[in-house]
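Trainee: Here it is, the structure in full.
The values are calculated or read from the model by the stated rules, or taken from the named source; none is laboratory data. Bear in mind the structure is a predicted one, so any value in this text is a computation, not a measurement. Counting neighbours? That spans all protein chains shown, and the Cβs are built from the backbone with ideal geometry, glycine included.
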Amino acid sequence: MNTGMIAASLGLLLYIEAACLVPPLLVALFYGDGDSPAFIVAILATVVSGFAARARKIERHDIYPRDGFAIVGLGWLLASLYGALPFWASGAMPSAVDAIFESVSGFTTTGASILRDIEVLPKGILFWRSFTHWVGGMGVLVLMIAIIPSARANTFNIMLAESSGPSTDKFVPKVGRVARILYAIYGLITLTQVSLLFAGGMPLYDSFIHAFGSVGTGGFSNKNASVAAYDSLYLECVVMFFMAISGVNFTLYYSLFRRDWRPVRTNEELRLYFFIIAASTALVAINTGALYGSFAEALRRASFQVVSVITTTGFATANFDSWPAFSRSVLLFLMLAGACAGSTGGGLKCVRLLLLARAAKREFVKIVHPNAVYVVRLNGRAVDDGTLSGVLVFFFMYVSVVVIAALVVSLDGTDLVTSSSAVLSCVGNIGPGLGGVGPIGNYAGFPPFCKATLSLCMIIGRLEIYPILLLCSPPFWSGKRT
């Protein structure tokens, strides 16, 4: 393992995080709420730690898959810890555990919060809280690669370890250019949403907050009532649209940029994603029609919550915990399903559901016709057995993490609905769940050991299990075969 290159990469990551702390510092200075010293302390601590990490001598500049997983796993842990410094130093969070929980929730774009009254916090703290969504949405390490001017080809192993979905498409020759293109698209979408929200009457500060939460699919708001506080159909439609498009694989936007429509037309995951949204919206609207008095109002609430949950954003315009059992069951399925691979959303990802369904169909065909040759295809291409096996293993590990974490959290004595939905929400990077952690609830009532468990669940879910579990494997560090 190339420990020198790992330390240098982590040091560079801390430098970048320190730079990311500058915009909220400027916001804090502008509003003068007294939180600027906390950002200064955080920036200095992050820079000093980054300098110490980069002081180690680098003998080899190669980054192999093992190094990539180590950089990603340790990088996300460090980013979350140092990102918690402003929350803790400003006194905005009651304890260090709460500050870390809020930071992890921000960077992993989960949107789970321990705050009971958001609107009393200083403007700079709230800006940083939402800005972590934007930084973590595309990936902390992808941002690092985008900034490195001479990114080597082997930094693709970092991108591979951090990316979501069964595979990563290296659609241009240089990885640094891949990252820069992704962030250019990401930034353009964000600024477009800010402009539309501001044009609809939302204050500029609030527009940035909600754009970070929508495009990063995080869901932190600066209002206690979330998007519902504005009671505007226009603003809800803008937020809903950008949540939906942020749940799409970002490589498809690059194809559109090149005026290549074929990958978009043939993408079966994209079709499944929008089919699930349309079908779920119709079912929930019909089921909640009597609750809202009219189908139009039910459709408005259902469409927003369906898009918010499947993209794992977590914005709310209704208390869906009070909806009928059928509608809540649909939302639980959407929490599990998640958005598209290569998006800023969480969950299992629609492409895995598609492959699992086709693998199951193949097994049925084999039972009926033992000698038949059935090839699983995706987007017109045959899917090899190794990929299918990987999807099955990932599904098993995903469910195992949810079950084990739910057992740990249940030790507190919390009711089954609250504890299980909290774990599913954190692993899926969704935010609100059901019961005590519903849209009008929060995670403040959990004891420290539960918050620590849920924080780890958020990082495991965001990095899709492997990087964090590998860090806990002794053979991973010793170099022995696992």
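Trainee: Being under 24 Å from Val120 (Cβ atoms), of a type in the set (Val, Ile, Thr) and either at pLDDT below 95 or part of a helix (DSSP H, G or I) (or both) is the requirement here; does Val194 meet it?
Mentor: Answer is no for this residue.
Trainee: Can you pull out the residues in the range 368-391 that are charged (D, E, K, R) and closer than 16 Å to Ala357 by Cβ?
Mentor: Step one: of the range 368-391, the residues charged (D, E, K, R) are 377, 381, 384-385.
Once the filter is applied, which keeps residues that are charged (D, E, K, R) and closer than 16 Å to Ala357 by Cβ, the range 368-391 yields only Arg377.
Trainee: Can you find a residue that is farther than 21 Å from Gly314 by Cα, hydrophobic (A, V, I, L, M, F, W, C), assigned to a helix (DSSP H, G or I) and free of Cβ contacts under 8 Å to residues at least 40 places away in the same chain anywhere in the range 60-76?
Mentor: There is no residue in the range 60-76 that is farther than 21 Å from Gly314 by Cα, hydrophobic (A, V, I, L, M, F, W, C), assigned to a helix (DSSP H, G or I) and free of Cβ contacts under 8 Å to residues at least 40 places away in the same chain.
Trainee: Against the definition (of a type in the set (A, V, I, L, M, F, W, C), free of Cβ contacts under 8 Å to residues at least 60 places away in the same chain and closer than 30 Å to Gly247 by Cβ), how does Phe101 come out, yes or no? Step through it out loud before you land on a result.
Mentor: On the way: of a type in the set (A, V, I, L, M, F, W, C): yes; free of Cβ contacts under 8 Å to residues at least 60 places away in the same chain: no; closer than 30 Å to Gly247 by Cβ: yes.
For Phe101, the condition - of a type in the set (A, V, I, L, M, F, W, C), free of Cβ contacts under 8 Å to residues at least 60 places away in the same chain and closer than 30 Å to Gly247 by Cβ - is not met.
Trainee: Let me ask you something else. Does any residue in the range 262-285 that is on the phi > 0 side of the Ramachandran plot come within less than 8 Å, Cβ to Cβ, of a residue that is modelled with pLDDT of 95 or more and surrounded by fewer than 20 Cβ atoms within 10 Å (Cβ to Cβ) six or more places away or on a different chain, and which pairs are these?
Mentor: Short answer, once both residue conditions are applied: none.
Trainee: Within the range 427-458, how many residues turn out to be buried (at least 21 other Cβ atoms within 10 Å of the Cβ) and within 17 Å of the chain's Cα centre (by Cα)?
Mentor: So the count comes out to 11.
Trainee: When the residues of the range 296-317 are narrowed to those that are within 14 Å of Ile286 (Cβ to Cβ) and either of a type in the set (Lys, Arg) or touching a Leu at 6+ places or on another chain (Cβ under 6 Å) (or both), which ends up surrounded by the fewest Cβ atoms within 10 Å (Cβ to Cβ)?
Mentor: Per the stated criteria, the residue is Arg300.
Trainee: Mind checking which pairs have a first residue in the range 177-203 that is of a type in the set (Lys, Arg) and a second that is outside any helix (DSSP H, G or I) and buried (at least 19 other Cβ atoms within 10 Å of the Cβ), Cβ under 9 Å, 6 or more apart or different chains?
Mentor: Arg177/Ala151
Trainee: Same structure again: Confirm whether Val309 is aliphatic (A, V, I, L, M), in a helix (DSSP H, G or I) and under 13 Å from the mean Cα position of the chain (by Cα). Steps first, answer last, please.
Mentor: Numbers: aliphatic (A, V, I, L, M): yes; in a helix (DSSP H, G or I): yes; under 13 Å from the mean Cα position of the chain (by Cα): yes.
Yes, satisfied.
Trainee: Only one of Ala8, Ala42, Ala19 is free of Cβ contacts under 8 Å to residues at least 60 places away in the same chain, crowded, with 24+ Cβ neighbours inside 10 Å and of a type in the set (A, V, I, L, M). Can you tell me which?
Mentor: Ala42
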